[in-house]
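Working notes, structure below.
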Amino acid sequence: MARRIAAGAAYGGGSIGLLGVATMGVVVAEVQLAKRTVGGGTAPVPPRGDGLYGLAFGRTDPMLLGLLGDSTAAGQGVRRAGQTPGALLASGLAAVAERPVEVCNVALPGARSDDLERQVTALLADISRQPDVCVIMIGANDVTHRIPATESVRHLASAVRRLRTSGAEVVVGTCPDLGTIEPVYQPLRWLARRASRQLAAAQTIVTVEQGGRTVSLGDLLGPEFAANPREMFGADNYHPSAEGYATAAMAMLPTVCAALGVWPESDRPDARRDEGMLPVAQAAAEAAKEAGTEVTGARAPWALLKHRRRRRLPEPPSTPDATEPSPTEATHH
């Protein structure tokens, strides 16, 4: 199904759906009910985490990290800039690469994949300062708003292609598992999980085909949300908390570093960790089942499935530079 969705996107098709319209409508209604049931608070406006990180390594020649996507990429649910995914990834990348990292976050809460074109344009607007690596986190709003999967992945493929053409490495955090939302009960939980995983697998296929890498977010936060809901949910009781975002960032950091060639592990598969070369569609399906799984392209039609060892993220400051970054310290697009 993921291959069919990806193929439909490539040829402009829009008739292939994840689920029947009537069934998907019920799932959407249940997800919206879940938001009201779980919620009760109001998510704060995401703090602006743009700026320079890793100042211990100086201020010159920083790498530029771009963040694109929806509320998860923006960091909605936390109040401090240092708790956003961009800040966490930048701090970790700086520590591994031993270079300062500049963050430009153009993600928009509530965004769907059709907003990626605008976001990419904003990120690439300054032709004198192009990103070294971009992280995209998108998909959940496409599922809840019943956007045809072929349309969703077509927009994603275009965004990845534009970013790769600009010279940036691209890492996509695929659609999270909406079946982990607690108030969604069976059998709708299963349907939401199926829809999320199919979209995630299709996202992996088109991303790899455009030269990017993916990391499955899947049910990464599911066990943590279930065991520690007060710690893992943010102020609105729906978006991730600082702990939740740290968990997601820790899963994506190794792939971001590997894409830039600064991760200590090689790209060779380790059979002891169930890694290996698989056809792209099979690798995408396997990754969708297990959160934290990386897929990167090899010689077509093969892809490398990796389970990279995670490292503890360094503690970032509450703001990029203890004060608001000056125009010379941050690039604002």
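Observations on the model:
- Subset of segment 123-139 [surrounded by fewer than 24 Cβ atoms within 10 Å (Cβ to Cβ), at pLDDT below 95 and of a type in the set (Gly, Ala, Ser)]: Ser128
- Wholly within segment 90-181, strands (runs of 3 or more DSSP E) carrying at least 2 residues that are in contact (Cβ under 8 Å) with a residue 24 or more places away in the chain and over 14 Å from the mean Cα position of the chain (by Cα): 101-105
- Candidates are the residues of segment 225-259 that are in a loop (DSSP other than H, G, I, E, B) and under 17 Å from the mean Cα position of the chain (by Cα); the one that is modelled with the lowest pLDDT is His239.
- Being open to solvent by less than 10 Å² (accessible area, probe 1.4 Å), out of contact with any His (no Cβ under 6 Å at 6 or more places or on another chain), modelled with pLDDT under 95 and hydrophobic (A, V, I, L, M, F, W, C) is a description that applies to Val31.
- Looking only at segment 260-302, residues that are loosely packed, with under 14 Cβ neighbours inside 10 Å, at pLDDT 90 or above and over 27 Å from Ala94 (Cβ atoms) come to 2 in all.
- Gly58 vs. criteria open to solvent by less than 10 Å² (accessible area, probe 1.4 Å), of a type in the set (Gly, Ala, Ser) and at pLDDT 90 or above: no
The values are calculated or read from the model by the stated rules, or taken from the named source; none is laboratory data. Since the model is a prediction, treat every value here as computed from it, not as a measurement. All Cβ positions, even for glycine, are placed from backbone atoms using ideal geometry, and neighbour counts span all protein chains on display. The area values use the complete protein model at the heavy-atom level, side chains included, leaving out ligands, DNA and RNA. Shrake-Rupley method; radii C 1.70, N 1.55, O 1.52, S 1.80 Å.
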